[in-house]
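What follows is one structure encoded as structure tokens, with my remarks underneath.
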Amino acid sequence: MRTNNEKGRMLCIIMGAYLVVKAVVNMIIGGGLSISDLIIALALACAMFTGIKYVNYIAAAVLVTIAVIHLPANISNISSNWIYLIEGILDIGCAAVLCLQTDVKEHFTNTLNIN
């Protein structure tokens, strides 16, 4: 994969791996199979790997939206949901890195060529 910044690409790979591991751990903790969560995590990981322009902002928006949707329940039941609250904070941190970190932003400069 061609990339404009190796450090940014590596950070995206780490964040993508975090998303996939998070989805698997949530399935184990939750005791059920959540294919939709796994598909979302894999799609975000693949999208971040491509380095296509503006995909970082889309991935960040998805991460923040999911974190904000679950935030009230995680705060109201903080004694039993503290791990999910930490997960939401990490998701918001990943979104911030996707939008603000210069190496990551430089990674997302590829164009989509359909020939």
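The values are calculated or read from the model by the stated rules, or taken from the named source; none is laboratory data. Values in this document were obtained by computation on a predicted structure and should not be read as measured data. Positions of Cβ are backbone-derived with ideal geometry, glycine not excepted, and every protein chain shown enters the neighbour counts. SASA here: full protein model, heavy atoms, side chains in, ligands and nucleic acids out. Shrake-Rupley method; radii C 1.70, N 1.55, O 1.52, S 1.80 Å.
A few notes on this one:
- Which listed residue, of Lys105, Lys22, is among the basic types (Lys, Arg), within 19 Å of Asn5 (Cα to Cα) and assigned to a helix (DSSP H, G or I): Lys105
- Odd one out for Asn74 among (1) open to solvent by 50 Å² or more (accessible area, probe 1.4 Å); (2) part of a helix (DSSP H, G or I); (3) of a type outside the set (Lys, Arg); (4) at pLDDT below 90: (1)
- For segment 27-52, a residue qualifies if it is in contact with a Leu (Cβ under 9 Å, 6 or more places away or on another chain) and either hydrophobic (A, V, I, L, M, F, W, C) or free of Cβ contacts under 8 Å to residues at least 60 places away in the same chain (or both), and the qualifying residues are Met27, Ile40, Ala41, Leu42, Leu44, Ala45, Met48, Ile52.
- Consider segment 20-58 and keep the residues that are of a type in the set (Val, Ile, Thr) and within 15 Å of Leu112 (Cβ to Cβ). The one that is most open to solvent (accessible area, probe 1.4 Å) is Ile58.
- Test: residue in segment 80-88 that is closer than 27 Å to Gly30 by Cα and charged (D, E, K, R): yes
- When residues in segment 19-41 are screened for being over 14 Å from Leu63 (Cα atoms), small (Gly, Ala, Ser) and either in contact with a Lys or Arg (Cβ under 9 Å, 6 or more places away or on another chain) or at pLDDT 90 or above (or both), 0 of them pass.
- Residue in segment 100-108 that is aromatic (Phe, Trp, Tyr) and surrounded by 14 or more Cβ atoms within 10 Å (Cβ to Cβ) present: yes
- Within segment 1-19, the set of residues being buried (at least 16 other Cβ atoms within 10 Å of the Cβ) and of a type outside the set (Lys, Arg) comprises Thr3, Asn5, Gly8, Leu11, Cys12, Met15, Gly16, Tyr18, Leu19.
- Applying the set (1) open to solvent by 90 Å² or more (accessible area, probe 1.4 Å); (2) among the aromatic types (Phe, Trp, Tyr); (3) within 21 Å of Leu98 (Cβ to Cβ) to Trp82 leaves exactly one unmet item: (3).
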